[in-house]
Amino acid sequence: SQQGEEDPQALSIQEGENATMNCSYKTSINNLQWYRQNSGRGLVHLILIRSNEREKHSGRLRVTLDTSKKSSSLLITASRAADTASYFCATVSAGNKLTFGGGTRVLVKP
Amino acid sequence: ETGVTQSPTHLIKTRGQQVTLRCSSQSGHNTVSWYQQALGQGPQFIFQYYREEENGRGNFPPRFSGLQFPNYSSELNVNALELDDSALYLCASSLAVGGWGNTEAFFGQGTRLTVV
């Protein structure tokens, strides 16, 4: 079963626009992480936000976490064609097991 | 480049056969996890090894088994392959203190297994 569910499932934007995707989860968490995957290859870690944090930035990425609503969002600002990928949220509860959602497929058109 | 390497990159097997996939963790990492990712879906947790002992298992049958070696490299073995086992298998290494993880996982590029 999947803990996190991303919304939307797919997103198509023009280069330079912002992309926002959301993640909802069901149980209490230790931390929440966002990963990117290019075309069926390995996942690349983007950002980790701990359960006691509300917002975190990394370059053009901004992640928020609302533990009362069990939700998180990932914002990519000023998107580039190279941002085209699938984005996954993953929650960590016990140990270091990552529970992934189904992902958001982002297409950035030049 | 994450420093996590998986082999082979692609593999075709016949239903009923057995397969072994290999993973070399990033230096200094003591935890390795394996995930199965079907086409168009998110990765599903298979199991995790911490200091050579299984430290958690997902909803996979016993024919999925693993090992972690003293140098923290790892194997995933799947017996009696079924068509539904066709997927991308991902290995991830991380550093966990006391078995608990608050750090990112570094993924290999995966092994694409096709069962025919």
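Would you mind ranking B:Leu83, B:Leu113, B:Leu67, A:Leu98 by Cβ crowding within 10 Å, fewest neighbours first?
Working: B:Leu83 9, B:Leu113 21, B:Leu67 14, A:Leu98 30.
Arranged by neighbour count, lowest to highest, B:Leu83, B:Leu113, B:Leu67, A:Leu98 become B:Leu83, B:Leu67, B:Leu113, A:Leu98.
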The lysines whose Cα lies under 27 Å from the Cα of A:Lys56, excluding any fewer than 8 residues away in the same chain, are A:Lys26, A:Lys69, A:Lys70, A:Lys97, A:Lys109
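Evaluate the relative contact order of chain A (contact order divided by residue number), counting alpha-carbon pairs under 8 angstrom at least 6 apart; express in whole percent.
On the way: 284 pairs, mean separation 43.3, N = 110.
Result for chain A is 39 percent.
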When B:Val19, A:Val44 are ranked with the fewest other C-beta atoms within 10 Å first, the list becomes A:Val44, B:Val19
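Ignore the peptide's own chain and count Cβ atoms of other chains within 10 Å of each Cβ in B:104-112; give me the average, rounded. Before the final figure, lay out each step's value.
Working: counts 10, 10, 4, 8, 3, 4, 5, 0, 2.
That average works out to 5.
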Placing +1 on each Lys and Arg Cβ and -1 on each Asp and Glu Cβ in chain B, then taking the dipole about the Cα centre, the residue among B:Gln36, B:Leu81, B:Gln68 whose Cα reaches farthest towards the positive end is B:Leu81
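Given R₀ = 45 Å, what would the calculated FRET efficiency be for A:Glu17 paired with B:Asn59, taking r from the Cβ atoms and rounding to 0.05? Write out the running numbers ahead of the final one.
On the way: r = 39 Å, r/R0 = 0.86.
About 0.70, to the nearest 0.05.
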Residue-ordered couplings for region A:99-106, obtained by feeding phi - 60° into the Karplus form 6.51 cos²θ - 1.76 cosθ + 1.60 and rounding to whole Hz (Gly and Pro as x), are 10, 9, x, x, x, 10, 8, 10
Put in order of increasing Cβ neighbours within 10 Å, starting from the fewest, A:Ile76, A:Ile13, A:Ile49 give A:Ile13, A:Ile49, A:Ile76
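Which whole number gives the average count of other chain Cβ atoms within 10 Å of the Cβ atoms across peptide B:63-72? Kindly include the intermediate steps, with their values, before the conclusion.
Working: counts 0, 0, 0, 0, 0, 0, 0, 0, 0, 0.
Mean shielding by partner chains, rounded to a whole number: 0.
No lab work stands behind these numbers, since they all come straight from the coordinates. Quick caveat, the model's predicted, so the values are computed rather than measured. Don't worry about glycine lacking a Cβ; one is built from the backbone with ideal geometry, like all the others, and counts go over all protein chains shown.
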